[in-house]
Amino acid sequence: MTDGGIVVTGASSGIGRAIALRLAADAMESVVVLHYATNRSGVEQTADQIRAGGNPNVVIIQADLTEPSAVESLAGEAFDVAGDIQTWVNNAGADVLTGVTRGWSFDQKLRHLLNVDLIGTIALSRIVGERLSTQSDLPRRPSMVFIGWDQAATNSGMEGDAGMMFGPVKAAVMTFASSLAQSLAPHVRVNTIAPGWIQTAWGEAADGYWDRRAQDQALMGRWGRPEDVAKAAAYLAAPENDFVTGQVINVNGGWNRRYARS
């Protein structure tokens, strides 16, 4: 990879941390910007791991994506500290499954997801996309990566409150990313990763039913790991993969459509 900067939003833990670690390892001379909203200790752990891996060029920025002024500030500060940016990863998303938000009503959770995952991400990406498309010092086209959900695809979905919240929100994010790819080509490559069952904080505490379901619904017969998503992000971010844009890559171990014979 080139020396252009790297930005990962929502880099405090889980998928965001894994992506930041992988991209930083692949571009040891790059400035790595880590965004977080509330989990300061988590993002500092991510930064420490990057430095321990040999890349000392780490900057931490706090921003609440539900605040328009914070969105503009995040975009401006990221370019100020990183210069030209090679890779921007929109990973930030609201956690409504663990912690205090777990007890919120469906309506509260949905509105929070919409404000962070969709509205905040769209506002940020429009600003960043314009800046990325006008950079002149990078030898290869910059990349923007979004995080969707495999069960938010057309004619898919999942039962229950989680499916009815995350499904429409992530479907909208994925459609926006595809539209942004059309808008920014050929200057910026825009792609989406659609993870399946990834064992982040919620998955680590999942009960037996969800543990079995996550493993049974993957052809590979296991939970996905944040590192699996990070590998896909590294592929999409690599400047040499400059003929890949407007794509959605499922990282779900292959959706299992087989049925056991009785």
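So the values come out like this:
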read-out: Rounded to whole Hz, the Karplus (6.51, -1.76, 1.60) HN-Hα couplings of segment 129-146, x for glycine and proline; value: x, 5, 5, 4, 6, 10, 5, 10, 9, 8, x, 10, 5, x, 10, 10, 10, 10
read-out: Nitroxide proxy distance, nm - points 7 Å out along Cα→Cβ at A25 and M164; value: 4.1 nm
read-out: Filtered GluC sites (Glu not before Pro), segment 190-246: DSSP coil and at most 10 other beta carbons within 10 Å; value: E240
read-out: Local net charge near S133, Cβ-Cβ under 15 Å (Lys/Arg +1, Asp/Glu -1); value: +1
read-out: Gain upon complete extension [D216, D64; 0.36 nm per residue less C-alpha separation]; value: 51.1 nm
read-out: Long-range amide H partners of N250 with built H, under 5 Å; value: A194
read-out: The chain, relative contact order [Cα under 8 Å, separation at least 6], %; value: 20 percent
read-out: Simple label model, 7 Å out from Cα along Cβ direction - R126 to E240, nm; value: 3.7 nm
read-out: Cα shape, segment 33-124, gyration tensor, a/c 1.5 rule; value: oblate
read-out: GNM result for the chain, Cα springs below 10 Å: residue of A201, A37, A171 fluctuating most strongly; value: A201
read-out: Label-to-label distance, nm, for residues given as N115 and E44 (7 Å Cα→Cβ offset); value: 2.7 nm
read-out: Average accessible surface area per residue within segment 166-252, 1.4 Å rolling probe, Å²; value: 47 Å²
read-out: Formal net charge of residues neighbouring A234 (Cβ-Cβ distance under 12 Å; K, R +1; D, E -1); value: -2
read-out: Accessible area of segment 37-97 belonging to carbon and sulfur atoms, whole % at 1.4 Å probe; value: 43 percent
read-out: ³J(HN,Hα) computed for each position of segment 104-121 - Karplus, 6.51 cos²θ - 1.76 cosθ + 1.60, integer Hz, glycine/proline x; value: 6, 6, 4, 4, 4, 5, 4, 5, 5, 4, 4, 5, 8, 5, 9, 5, x, 5
read-out: Residues of segment 30-110: accessible area per residue with a 1.4 Å probe, Å²; value: 45 Å²
read-out: Accessible surface of segment 150-253, 1.4 Å probe, proportion on carbon and sulfur as whole %; value: 53 percent
read-out: Full-extension gain in nm, R261 to T101, via 0.36 nm per residue minus C-alpha separation; value: 53.5 nm
read-out: Long-range amide H partners of V58 with built H, under 5 Å; value: V32
read-out: Under the Karplus curve 6.51 cos²θ - 1.76 cosθ + 1.60, θ = phi - 60°, whole-Hz ³J(HN,Hα) for segment 169-177, x wherever Gly or Pro sits; value: 5, 5, 4, 5, 4, 5, 5, 4, 4
read-out: Formal net charge of residues neighbouring L114 (Cβ-Cβ distance under 13 Å; K, R +1; D, E -1); value: +1
read-out: Segment 1-44, relative contact order [Cα under 8 Å, separation at least 6], %; value: 50 percent
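The values are calculated or read from the model by the stated rules, or taken from the named source; none is laboratory data. A quick note: this is a predicted structure, and the numbers were derived from the prediction, not measured. With ideal geometry, Cβ positions are generated from the backbone for all residues, glycine too; neighbour counts draw on all protein chains shown. Ligands, DNA and RNA are stripped out before the accessible areas are found, and what is left, the full protein with its side chains, is counted by its heavy atoms. Shrake-Rupley method; radii C 1.70, N 1.55, O 1.52, S 1.80 Å.
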